[in-house]
Structure formats: C-alpha cells, structure tokens
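Report on the structure given below.
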Amino acid sequence: MKTLFIPLMMIFLCISHKSYANPNQLKLTVQEYFNTYMQRKDFKKFMSFYAKDATLKDIIYGNDLRNKAEIQSFLNWHNGKFDRLASENILTVTNQVIENQSAITEGYFHQFRFNDKEFGPWLFIISLEFNEDNKIIKQTDWINYTPRKDFLGGLNMNKLIK
C-alpha cells in the first residue's frame, strides 16, 4: 500500500500544481510588451499580450475595465488622430522590477498630438500581473495626465521630466 501511495501522491501533485512559465520568458514577454507599446504601430500584437479575462484599472481616470474587449475599446489606437511630437517612440521606460508573475514599470510618455491637441509628457507607473501563460490578467495604470485642467487640477509633477 505504501509503495503505491507515494507514486500516486507524486502524480496528484504534478497534476494539481500550477507551474508558471520560465521567469526568463516572463522578462522577455514584458520587454516585448513595452517595445510594442513604445512603437505604437501594431495594435493587434499589443492586444495579444492580454488574457480574455484581463482587467485594467486606470486610477487617475477612474476606469475599471473588466475584460479584454473593454480594454481593447478603451486603448483603441485607431480611435482619433494621433501624431508623435518629440520622439520616434511614444514612451520611455526608466525603471522596471519583474518578480514572480508581476512587473512594475516606471517611465514617461513623450509629447504627442491627439485630435489636434498637444499632450504630455506624462509620468507613469504601470503594474502588470500575468497568468501561467504569461498573459496579462491585471493591469493598474497611474498616469499623470496633462494639461491638468483637462483632467483633474492640482500640481503638474510632469515638469520634473528633463
């Protein structure tokens, strides 16, 4: 009985334990995600990083999106007229921590024009959590939108960007 119990227990543990993907693969996924975001050219590829049940909270705007379809509609790169002003890339990553199945990324969005109105630069912190397939399941955005009068009022901390 004891000799049968140990192999069965090992099989059960292997089946019931969710093993996450290689941590190095997660780092590559995060890098690819932000490279795709920086270039802002391939929206289909950008959305491929999200799981179907992903959520996104935009803390400053107060948006609470509950699935990939809502996220796609909210982030839609094809909505409106967008032009880069200050850089070939739309954003710069300044700091990033990747641990377990999470990534915290700091940086800033470069100046751009949207529907003939200038915006940015904007500081950001983006928190991403991934599932075992390295798909984003939770995103939390902290983006310091300006001009402030169009969003919230208060201090413009983006003036710290040099």
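The values are calculated or read from the model by the stated rules, or taken from the named source; none is laboratory data. Not measured: the values here are computed from a predicted model. Note: ideal-geometry Cβ built from the backbone for every residue, glycine included; neighbour counts use all protein chains shown.
Go through segment 47-71 and report how many residues are surrounded by 14 or more Cβ atoms within 10 Å (Cβ to Cβ) and touching a residue at least 24 places away in the same chain (Cβ under 8 Å).
Residues flagged as surrounded by 14 or more Cβ atoms within 10 Å (Cβ to Cβ) and touching a residue at least 24 places away in the same chain (Cβ under 8 Å) within segment 47-71 amount to 11.
With (1) in a strand (DSSP E or B); (2) among the polar types (S, T, N, Q); (3) more than 15 Å from the chain's Cα centre (by Cα) as the list, and Thr146 as the residue in question, which single condition is left unmet?
Exception for Thr146: condition (1).
So in segment 41-55, with the set limited to residues that are part of a loop (DSSP other than H, G, I, E, B) and either closer than 18 Å to Leu91 by Cα or among the basic types (Lys, Arg) (or both), which one is nearest to the chain's Cα centre (by Cα)?
Phe49
Only one of these conditions is not met by Lys44: (1) surrounded by 12 or more Cβ atoms within 10 Å (Cβ to Cβ); (2) modelled with pLDDT of 95 or more. Which number is it?
Among (1) surrounded by 12 or more Cβ atoms within 10 Å (Cβ to Cβ); (2) modelled with pLDDT of 95 or more, Lys44 violates only (1).
Quick one: is Thr105 assigned to a loop (DSSP other than H, G, I, E, B) and touching a helix residue (DSSP H, G or I) at 6+ places or on another chain (Cβ under 8 Å)?
no
When both residues are 6+ apart or on different chains and their Cβ atoms are under 7 Å apart, which pairs have a first residue that lies in segment 108-127 and is in contact (Cβ under 8 Å) with a residue 24 or more places away in the chain and among the hydroxyl-bearing types (Ser, Thr, Tyr), and a second that is surrounded by fewer than 18 Cβ atoms within 10 Å (Cβ to Cβ) and assigned to a loop (DSSP other than H, G, I, E, B)?
As it stands, the answer is Tyr108/Ile161, since those pairs meet every condition given.
Quickly run through segment 108-134 and pick out the residues that are farther than 13 Å from Val30 by Cα, assigned to a strand (DSSP E or B) and among the acidic types (Asp, Glu).
Scanning segment 108-134 gives a single hit, Glu118.
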